[in-house]
Amino acid sequence: ETKTRLSDFRDGFEFLGFHFHGHCHGIRAKSLDRFKDEIRLLTRREQGRNVDAVIANVNAVVRGWSRYFGVAQVNRSFPRIDCWIRMRIRAFRFKRRCRNDNWRLRSRRLANWGLLSLQECRPKLRISYTGVDVR
């Protein structure tokens, strides 16, 4: 009884990692926190691995997460998460976290190393309530 209830779309609800509210649907906050925890685990600075191995593992997680949640309305959240992932890779590479140190390793170089972005992996078809696929 605590988990099951009847509600209106305007009230909003969470289902399968998505948050539905009115005609909008986005990522549930708990799902985003779990994704960030997984990326934090993969990009710990104390591990004795090279950047290529870390990027390969991060790419697998990014690709799966993006294909699952990419059907929602994530036009504003995906670029912020991409920026955060690049900051984590830079922190792993230089073994520290410094917000003004990003100039040392540009995004273009990370892309050349093979780091995927969430926007690249996002599926072309999106969910819409009207029954028409939004491209």
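Brief remarks follow.
- Close amide H partners of PHE18, meaning residues 5 or more places away or on another chain with modelled amide H under 5 Å apart, are ARG28.
- Separation in nanometres of the label points that stand 7 Å from Cα toward Cβ, at ARG76 and VAL61: 2.6
- Carbon plus sulfur fraction of accessible area for the stretch 38-82, probe 1.4 Å, in percent: 49
- Loop trypsin sites (Lys or Arg not before Pro), the stretch 51-96, which have at most 11 other Cβ atoms in a 10 Å radius of their Cβ (DSSP): ARG76, LYS95, ARG96
The values are calculated or read from the model by the stated rules, or taken from the named source; none is laboratory data. This one's a predicted model, so the numbers in the text were calculated from it and none came from an experiment. Because the Cβ atoms are built from the backbone with ideal geometry, glycine has one as well, and the counts that use them run over all protein chains shown. Keep in mind that these areas ignore ligands, DNA and RNA; they rest on the heavy atoms of the full protein, side chains included. Shrake-Rupley method; radii C 1.70, N 1.55, O 1.52, S 1.80 Å.
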